[in-house]
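This report concerns only the one structure given below.
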Amino acid sequence: MSEEKKIYPIYIIGAGPAGMTAAIYLKRANIEFKIVDKYAPGGKMNITAVVDNYPGYFDIPGPDLAFKMYEQLKGMNIEIGYADVKKVSKEEEFFVLETDEGLEYARAVIVATGTQERKLKIPGEGKYTNKGVSYCAVCDAALYKGEDIAIVGGGNSALEEAAFTANIVNKIYLVHRRQEFRADESAVEEVKESKNIELVLDTIPLEILGDGNHVTGLKVKNIVNGEEKVIDVKAVFPFVGLDAVSDLLSDLNVRDDKGYVLVNAEMMTSIPGLFSIGDVNQKNLRQIVTATSDGAIAALAANRYVKKFK
Ligand code: NAP
């Protein structure tokens, strides 16, 4: 590598709660670093209707919490750059990051790329995405004010977004493939108490129907009695889980069979200098509070790691 290449001491990929917290701790440690994201800062907070389990804030819209974190970084003179990092590889004493803006180099890398929404993978889903199919209730629910819609899934995302959306639309059909929900009890209770959410249980989605321009219905099947029917809805919001955004690490042997990154207590992978934090990691609890915790731990560990290059 030629002499003029800039090697950042630390490079953070992703500016969700994990990445932004790492940036705060690195700034306070007075070490040079770069933080980038390919979307707006905030990650999943930007598509979360309401957050009420992050201490210090109660009932705060996700985008507002994201903005507060972003403002904190701005106040500390931390700039978040734009880059889509496609691949990370390791040379002897530094990492090479292939981005859509060119190659970047760093002594240590903190991966904070999070997760992305899983698709239903049924006919009509791709055709009607943004024409009635949406993966973001906080962004799109208002488009269906007074209409009937379907939400698919039984986890925290589906139930919390259903409770939020029930105040906007006329009626929600909550389609879930089992009787029991995976979501927290408080979210389940809220949904069950809602007057305009109808539970459609033991039921899987088969096809999203439309008139060519927009969604008109959801074809479903009851997996207990085999009955199929069409629910007339103007929109379908799938919330059927998340997949790790970790393909950028595909050349490095640091992921489990589902793509989640494996780290030690210091948030370091088996590759020295490669750290990973937040939802992209293999972990039991994916929360904003666990993401910020990871960020603090990784920042201090990465700072210790890069000191050996001084
Ligand atoms: P999740 O917990 O993995 O739940 C996905 C749901 O979709 C499950 O109920 C699953 O059914 C169902 N499902 C999966 N594939 C399906 C398919 N092909 N067709 C129909 N249904 C399908 O995902 P999530 O709700 O997005 O949450 C992801 C993580 O973020 C979780 O760890 C969650 O706790 C966390 N989260 C936390 C909060 C909070 O604490 N406030 C809010 C949002 C998310 P089965 O149950 O039968 O598997």
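The values are calculated or read from the model by the stated rules, or taken from the named source; none is laboratory data. Computed from a prediction, not measured in an experiment: that's the story for all the values here. Here the Cβ is made from the backbone with ideal geometry for all residues, glycine too, and neighbour counts use every protein chain on show. The area values use the complete protein model at the heavy-atom level, side chains included, leaving out ligands, DNA and RNA. Shrake-Rupley method; radii C 1.70, N 1.55, O 1.52, S 1.80 Å.
Name the residue, out of V169, V138, V220, V215, that is modelled with pLDDT of 95 or more and either within 14 Å of the ligand (Cβ to nearest atom) or within 21 Å of the chain's Cα centre (by Cα) (or both). Give the derivation first.
Numbers: V169 fails: either within 14 Å of the ligand (Cβ to nearest atom) or within 21 Å of the chain's Cα centre (by Cα) (or both); V138 fails: modelled with pLDDT of 95 or more; V215 fails: either within 14 Å of the ligand (Cβ to nearest atom) or within 21 Å of the chain's Cα centre (by Cα) (or both).
Residue meeting the stated conditions: V220.
Among (1) out of contact with any helix residue (DSSP H, G or I) (no Cβ under 7 Å at 6 or more places or on another chain); (2) open to solvent by 50 Å² or more (accessible area, probe 1.4 Å); (3) farther than 21 Å from T290 by Cα, where does K68 come up short?
It is condition (3) that K68 fails.
Got a number for residues in the range 149-161 being within 11 Å of the ligand (Cβ to nearest atom) and among the hydrophobic types (A, V, I, L, M, F, W, C)? Working first, answer last.
If we filter the range 149-161 for residues that are within 11 Å of the ligand (Cβ to nearest atom), which is where we start, we get 151-161.
Remaining after also requiring among the hydrophobic types (A, V, I, L, M, F, W, C): 151-152, 158-159.
Count: 4.
Among the numbered criteria (1) outside any strand (DSSP E or B); (2) within 13 Å of the ligand (Cβ to nearest atom); (3) surrounded by 14 or more Cβ atoms within 10 Å (Cβ to Cβ), which single criterion is violated by R178?
Condition (3) is where R178 drops out.
For G16, all conditions in the list (1) within 22 Å of D184 (Cβ to Cβ); (2) open to solvent by 60 Å² or more (accessible area, probe 1.4 Å); (3) of a type outside the set (K, R) hold save one; what is the number of the exception?
So G16 meets the others, but not (2).
Could you list all residues from the range 268-307 that are closer than 16 Å to A106 by Cβ and free of Cβ contacts under 8 Å to residues at least 60 places away in the same chain? So that I can check it myself, show each step before the final result.
Applying the first criterion (closer than 16 Å to A106 by Cβ) to the range 268-307 yields 268-269, 271-277, 298-299, 301-307.
If the condition is that a residue be closer than 16 Å to A106 by Cβ and free of Cβ contacts under 8 Å to residues at least 60 places away in the same chain, then M268, T269, P272, A301, R304, K307 are the ones that fit.
Please work out if G126 is touching a His at 6+ places or on another chain (Cβ under 9 Å), in a loop (DSSP other than H, G, I, E, B), within 16 Å of the ligand (Cβ to nearest atom) and small (G, A, S).
On the way: touching a His at 6+ places or on another chain (Cβ under 9 Å): no; in a loop (DSSP other than H, G, I, E, B): yes; within 16 Å of the ligand (Cβ to nearest atom): yes; small (G, A, S): yes.
When the stated conditions are applied, G126 does not pass them.
Could you count how many residues in the range 19-62 are open to solvent by 10 Å² or more (accessible area, probe 1.4 Å), of a type in the set (G, A, S) and away from the ligand (no atom under 15 Å from the Cβ)?
Within the range 19-62, the subset open to solvent by 10 Å² or more (accessible area, probe 1.4 Å) is 21, 24-25, 27-34, 37-41, 43-44, 46-48, 50, 52-61.
Those left that are additionally of a type in the set (G, A, S): 29, 40, 43, 56.
Next cut, away from the ligand (no atom under 15 Å from the Cβ) only: 29, 40, 56.
Counting residues in the range 19-62 that are open to solvent by 10 Å² or more (accessible area, probe 1.4 Å), of a type in the set (G, A, S) and away from the ligand (no atom under 15 Å from the Cβ) gives 3.
Any chance the range 227-249 includes a residue that's among the β-branched types (V, I, T), under 25 Å from the mean Cα position of the chain (by Cα) and surrounded by fewer than 22 Cβ atoms within 10 Å (Cβ to Cβ)? Spell out how you get there, then give the answer.
To start, the set of residues in the range 227-249 that are among the β-branched types (V, I, T) comprises 230-231, 233, 236, 240, 245.
So of that shortlist, the ones also under 25 Å from the mean Cα position of the chain (by Cα) come out as 236, 240, 245.
After this cut, where a residue has to be surrounded by fewer than 22 Cβ atoms within 10 Å (Cβ to Cβ) as well, the list is 240, 245.
Yes, the range 227-249 contains at least one residue that is among the β-branched types (V, I, T), under 25 Å from the mean Cα position of the chain (by Cα) and surrounded by fewer than 22 Cβ atoms within 10 Å (Cβ to Cβ).
What strands (runs of 3 or more DSSP E), lying completely within the range 196-310, carry at least 2 residues that are of a type outside the set (V, I, T) and under 20 Å from F33 (Cα atoms)? I'd like the intermediate steps shown before the answer.
On the way: elements: 197-200, 203-210, 215-222, 228-232, 235-238, 242-244, 274-276.
It comes to 274-276.
Inspect all residues belonging to the range 284-292 and state whether any of them is in contact with a Leu (Cβ under 9 Å, 6 or more places away or on another chain) and open to solvent by less than 20 Å² (accessible area, probe 1.4 Å). Even if it seems obvious, please write down each step before you answer.
Within the range 284-292, the subset in contact with a Leu (Cβ under 9 Å, 6 or more places away or on another chain) is 286, 288.
Still in the list and also open to solvent by less than 20 Å² (accessible area, probe 1.4 Å): none.
No - not one qualifying residue is present in the range 284-292.
Can F275 be described as modelled with pLDDT under 95 and away from the ligand (no atom under 16 Å from the Cβ)? Even if it seems obvious, please write down each step before you answer.
Working: modelled with pLDDT under 95: no; away from the ligand (no atom under 16 Å from the Cβ): yes.
The answer is no for F275.
Looking at (1) more than 30 Å from R304 (Cβ to Cβ); (2) open to solvent by 30 Å² or more (accessible area, probe 1.4 Å); (3) not in a loop (DSSP other than H, G, I, E, B), find the lone condition where R107 falls short.
(1)
Within the set of pairs 6+ apart or on separate chains, which have a first residue in the range 30-49 that is part of a loop (DSSP other than H, G, I, E, B), a second that is open to solvent by 50 Å² or more (accessible area, probe 1.4 Å) and modelled with pLDDT of 95 or more, and C-beta atoms under 6 Å apart?
Going by the 6 Å Cβ cut-off, the qualifying pairs are P41/Y70.
Condition (residue is in contact with a helix residue (DSSP H, G or I) (Cβ under 9 Å, 6 or more places away or on another chain), under 19 Å from D294 (Cα atoms) and of a type in the set (D, E, K, R)) applied to the range 34-54: is it met by at least one residue?
Yes; the residues of the range 34-54 include at least one that is in contact with a helix residue (DSSP H, G or I) (Cβ under 9 Å, 6 or more places away or on another chain), under 19 Å from D294 (Cα atoms) and of a type in the set (D, E, K, R).
What residue, among those in the range 183-195 that are in a helix (DSSP H, G or I) and surrounded by 17 or more Cβ atoms within 10 Å (Cβ to Cβ), is nearest to the ligand (Cβ to nearest atom)? Break it down into steps so the answer makes sense when it comes.
If we filter the range 183-195 for residues that are in a helix (DSSP H, G or I), which is where we start, we get 185-193.
Now narrow it down to the ones that are surrounded by 17 or more Cβ atoms within 10 Å (Cβ to Cβ): 187-188, 190-191.
Numbers: A187: 7, V188: 11, E190: 12, V191: 12 Å.
Of everything passing the filter in the range 183-195, A187 is nearest to the ligand (Cβ to nearest atom).
Taking the residues in the range 114-131 that are in contact (Cβ under 8 Å) with a residue 60 or more places away in the chain and hydroxyl-bearing (S, T, Y) as candidates, determine which candidate is farthest from I13 (Cα to Cα).
Residues of the range 114-131 in contact (Cβ under 8 Å) with a residue 60 or more places away in the chain: 114-120, 122-125, 127-128, 131.
The next check asks that each one be hydroxyl-bearing (S, T, Y); those that pass are 115, 128.
Details: T115: 13, Y128: 31 Å.
Filtering first and then ranking leaves Y128.
Quick test for you: out of G132, G102, G146, G114, pick the one residue that is more than 16 Å from the ligand (Cβ to nearest atom), open to solvent by less than 20 Å² (accessible area, probe 1.4 Å) and on the phi > 0 side of the Ramachandran plot.
Details: G102 fails: open to solvent by less than 20 Å² (accessible area, probe 1.4 Å); G146 fails: open to solvent by less than 20 Å² (accessible area, probe 1.4 Å); G114 fails: more than 16 Å from the ligand (Cβ to nearest atom).
The conditions single out G132.
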